[in-house]
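Q: Take a look at this one; I'll ask things after.
No value in this document is a laboratory result; all are computed from the given coordinates. Worth saying up front: this structure is predicted, and the values here are computed from it rather than measured. Don't worry about glycine lacking a Cβ; one is built from the backbone with ideal geometry, like all the others, and counts go over all protein chains shown.
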Ligand code: 6CS
Ligand code: FE
């Protein structure tokens, strides 16, 4: 790559990464749309989990919703844990607790699979883990976990974005071989800010304009302003795929590809929209250096240490 400067050469973890990296982003003031250069479903006959139909739906749409996977009693048990954590962490002002920008409400708590025994167990529940392993075609580990509380009245939006665009540029995640598993712990209806997705958008990678500021996560987790897709390209994707609202009862689960364009609206209803998110990453897709020579994000946002395959457990919570 005889045009890149030194920092660009080191940005992707070495010159060869720069030359072979189809997912460069935040490198200039120009946005671009690029075809996905990775499979969506990494098929493996060895790993039971998703059915053939579920794999086909996930490959086509970029997401898969399975309703009522967890019972009402299990949801209540998990919700109690959620509320206990919120109270404790808000009081302690820990870095993992992200406070809403216009209120003192807790927006998110990160790293819950390492901070809480119940959620540590939940990531190995075969009802979700095996779907993830079978879609990613390998053993998996947790790249990131978080509770998004989206509290009633004050829960603010998450603007449109591709998670992979952030995880590739700010965490050095090499390829599109990760997915988010969102477990609905309160009813997600058309009023209280459910996950909005653009079906099929996972097949297109939007390279974003601008340059990642230092310690970007201190702002982006409250309101993302870099790595935000260009409006005309968003329009193009939405014209092509439409917008789908992932509404569902508490206990339902939405699996979505790391590159699916998604977001959610603010919640002005009095009813919280609280979901827990586990990001399963293939064990063969571990983090390298972020793009552009920026500092890696903290361990509670992007796991680099103690990486090991998660073994499935048959749990009744
Ligand atoms: O920066 C991140 O990793 C987080 N940001 C968003 C908006 N979604 C993915 C992830 O939680
Ligand atoms: Fe996201």
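Q: Compute from the Cα atoms of segment 97-175 the Rg and the Dmax, the latter being the longest Cα-Cα distance, and quote both in angstrom.
A: Over segment 97-175's Cα set, Rg and Dmax evaluate to 15.0, 42 Å.
Q: Calculate the length of the line joining the C-alpha centroid of segment 232-262 to that of segment 99-156, in whole Å.
A: 18
Q: Something else about it: Provide the FRET efficiency to the nearest 0.05 for the residue 117-residue 232 pair, computing r from the beta carbons and using R0 = 41 Å.
A: 0.30
Q: Please give the length that would be gained between residue 239 and residue 223 if that part of the chain were fully extended, namely 0.36 nm times their separation in residues minus their C-alpha to C-alpha distance (nm, one decimal).
A: Gain in length upon complete extension: 3.2 nm.
Q: Further question: Hey, fewest Cβ within 10 Å first, where do 72, 186, 247, 166 land in order?
A: 72, 247, 186, 166
Q: Additional query: Give me D for the chain in µm² s⁻¹, whole number, from Stokes-Einstein with Rh from the Kirkwood sum over alpha-carbon pairs, 20 °C and 1.002 mPa s.
A: 109
Q: If you don't mind, another one. Hey, could you get me the Stokes-Einstein D for segment 53-126, Kirkwood radius over alpha-carbon pairs, 10 °C and 1.306 mPa s, rounded to whole µm² s⁻¹?
A: Calculated translational D: 108 µm²/s.
Q: By the gyration tensor of its Cα atoms, with a ≥ b ≥ c the square roots of the eigenvalues, what is the shape of segment 157-315: rounded for a/c under 1.5, prolate for a/b over b/c, or oblate?
A: oblate
Q: What does the C-alpha gyration tensor say about the overall shape of segment 61-218? Classify as rounded when a/c is under 1.5, otherwise prolate if a/b is larger than b/c, or oblate.
A: rounded
Q: So what's the back-of-envelope 222 nm ellipticity for the chain, counting only DSSP H runs of four-plus at -39500 (n - 2.57) apiece and dividing by all residues, rounded to 500?
A: Taking each H run of at least 4 residues, the total per residue is -8000 deg cm²/dmol.
Q: For the peptides 131-137, 209-215, 21-27, what is the packing order when you average, over each peptide's residues, the other Cβ atoms within 10 Å and list the highest mean first?
A: Highest to lowest by the protection proxy: 131-137, 21-27, 209-215.
Q: Between residue 191 and residue 266, what is the label-point separation in nm under the 7 Å Cα-to-beta-carbon projection?
A: Roughly 1.8 nm, to one decimal.
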